[in-house]
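Enquirer: One structure is given below, represented as structure tokens, and several questions about it will come after.
The values are calculated or read from the model by the stated rules, or taken from the named source; none is laboratory data. Since the structure is predicted, the reported quantities are computational estimates derived from the model, not experimental observations. Every residue, glycine among them, receives a Cβ derived from its backbone with ideal geometry; neighbour counts consider all protein chains shown. The area values use the complete protein model at the heavy-atom level, side chains included, leaving out ligands, DNA and RNA. Shrake-Rupley method; radii C 1.70, N 1.55, O 1.52, S 1.80 Å.
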Amino acid sequence: MANNTVLVVDDEVGIRELLSEILSDEGYRVVLAENAEQARNWRNQTRPDLVLLDIWMPDTDGITLLKDWANSGLLTMPVVMMSGHGTIDTAVEATRIGAVGYLEKPIPLQKLLSTVGQALRGGQSKPVQTFSLVSLGRGALVMELKKKLEQIAGLKTPVLLMGEPGVGMEHCAHFLHRVNTPWVEPESFSFLADNPLNLLEQAKDGMLFLREIGELNKLEQKGLLLLLSKLEKYNVRLVCATTHPLAELTAQGNYNPRLYEILSSLCISVPSLRMHREDIPELANQILSNCIESGEAPFIHFSTAALNTLRNYDWPGNLSQLTSVVRSLALTCTSNEISAEVVQQALASPLPSSISIAPDIPLNISLREARDLFEKNYFEKLIDQEGGNMTRVAERAGLERTHLYRKIKTLGIKLRNQNG
């Protein structure tokens, strides 16, 4: 008990002091926060063993703070809600989000102690899976994106997500996925040529998510057309993503016009990170908190100047690059603060000397085959330069690591050494 830390979050000083006195007398270590901002700061510095969270607060209410923690993967400790005028609906909502208990003020002494003891004995709370876009930010562009996704969430129409590499299109797809239904995301596109209906059987009554459909060959495109015609029969929602200009590929004769017509009937663009750079400081702190929470990094924080440096960078690899850079900074920081100078060094680290990667490509092959040859040579050289560190390869290529591994598998590249 002496090692258990309880964070009390309440805007009423009398409640905070009373709870602190009672719990301290019982041997708990108590920390106090008078609003959501202070509670977030405490949560970012260290994970308390239990949080007593008031629902009604002036800056941000407790339900919203609970949602924020759940959406960010930070709801890894038990939370008990408190309210002087709560309702059954509020208690149910808090429980659905992830709260483990509910206390109504004025709180009887024995009820307080039994609830605290029971919550602590329950141990670590599992992060609650929610459909939020908080991983992309909270700025105006992301809020507009969220509105568009909410507007189409109930439709069965196939969705095409478009954007630069690393913008987080998979988060949008998860946002559209209905809870407790199948989620199918194939590793390669070979199924489209071999047996597209097998994927529909797996995804029946759920969602099928296809990444990078701009890379489909002609046979795979034909398979996707067949799959599209059977979606209603299997009650499957199809969400596709691409970083390639499908209109341009279609005009060049490299993409099936009918397929493009169907997919482009519902398109949503996911903004690049530099278009909503106001979100970068909070995203960086969120990524850093996840590194700390997972035990990969000690308790460290960014200086204000460091966050400004991150904000002002253009991030060609978008969210994937930001994640890689912040994680690298977290793992290599030698003090309790990440400074602007350290961030600048990470962003300005010189790339290895440029070497030609263009293979001798014959002209009697298709554009798709020529592109595959180029990409294979490109990734082989990049992996060699980075000594097999796939985190750095993904960062330099501007790809999410899952997409990078799929790309490497599709191109038939053998990994001899993986340090990332």
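Enquirer: Can you tell me which residue in segment 187-202 is most open to solvent (accessible area, probe 1.4 Å), limited to those that are small (Gly, Ala, Ser) and closer than 14 Å to residue 406 by Cα? Let's see the steps before the verdict.
Expert: In the first step, residues of segment 187-202 are kept if they are small (Gly, Ala, Ser); the result is 188, 190, 193.
Among the residues that remain, those that are also closer than 14 Å to residue 406 by Cα are: 188, 190.
Details: 188: 42, 190: 59 Å².
Looking at the filtered set, the residue picked out is 190.
Enquirer: Please find, within segment 97-128, the residue that is nearest to residue 19 (Cα to Cα) out of those that are at pLDDT 85 or above and β-branched (Val, Ile, Thr).
Expert: 107
Enquirer: OK, next. Scan 75, 52 and give me the residue that is surrounded by 20 or more Cβ atoms within 10 Å (Cβ to Cβ) and at pLDDT below 85. Before you say what the answer is, go through the steps one by one.
Expert: On the way: 52 fails: at pLDDT below 85.
From the options 75, 52, the qualifying one is 75.
Enquirer: Right, another one. For residues in segment 274-313 being assigned to a helix (DSSP H, G or I) and of a type in the set (D, E, K, R), which is least open to solvent (accessible area, probe 1.4 Å)? Give the steps one after another, and end with the answer.
Expert: So in segment 274-313, the residues assigned to a helix (DSSP H, G or I) come out as 274-293, 304-312.
Subsequent filtering for residues that are of a type in the set (D, E, K, R) retains 274, 277-279, 282, 293, 311.
Details: 274: 87, 277: 59, 278: 83, 279: 8, 282: 79, 293: 56, 311: 84 Å².
Step by step, filter segment 274-313, then rank; the result is 279.
Enquirer: Now, a different point. Looking only at residues that are buried (at least 19 other Cβ atoms within 10 Å of the Cβ) and within 23 Å of the chain's Cα centre (by Cα) in segment 79-96, which one is modelled with the highest pLDDT?
Expert: Ranking the qualifying residues of segment 79-96, first place goes to 79.
Residue-wise test of (1) open to solvent by less than 40 Å² (accessible area, probe 1.4 Å); (2) closer than 17 Å to residue 114 by Cα; (3) in contact (Cβ under 8 Å) with a residue 24 or more places away in the chain.
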site: 6; (1), (2), (3): yes, yes, yes
site: 10; (1), (2), (3): yes, no, yes
site: 17; (1), (2), (3): no, no, no
site: 21; (1), (2), (3): no, yes, no
site: 33; (1), (2), (3): yes, no, yes
site: 36; (1), (2), (3): yes, no, yes
site: 42; (1), (2), (3): no, no, yes
site: 48; (1), (2), (3): yes, no, yes
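Enquirer: Exactly one of (1) open to solvent by 10 Å² or more (accessible area, probe 1.4 Å); (2) within 14 Å of residue 402 (Cβ to Cβ); (3) touching a Pro at 6+ places or on another chain (Cβ under 9 Å) is unmet by residue 174. Its number?
Expert: (3)
Rundown of residues vs (1) among the aromatic types (Phe, Trp, Tyr); (2) at pLDDT 75 or above; (3) farther than 30 Å from residue 252 by Cα; (4) surrounded by fewer than 18 Cβ atoms within 10 Å (Cβ to Cβ), yes/no style:
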| residue | (1), (2), (3), (4) |
| --- | --- |
| 326 | no, yes, yes, no |
| 333 | no, yes, yes, no |
| 352 | no, no, yes, yes |
| 361 | no, no, no, yes |
| 368 | no, no, no, yes |
| 397 | no, yes, no, no |
| 410 | no, yes, no, yes |
| 418 | no, no, yes, yes |
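Enquirer: Hey, can you tell me all the residues within segment 245-263 that are open to solvent by 40 Å² or more (accessible area, probe 1.4 Å) and hydroxyl-bearing (Ser, Thr, Tyr)?
Expert: Selection gives 260 alone.
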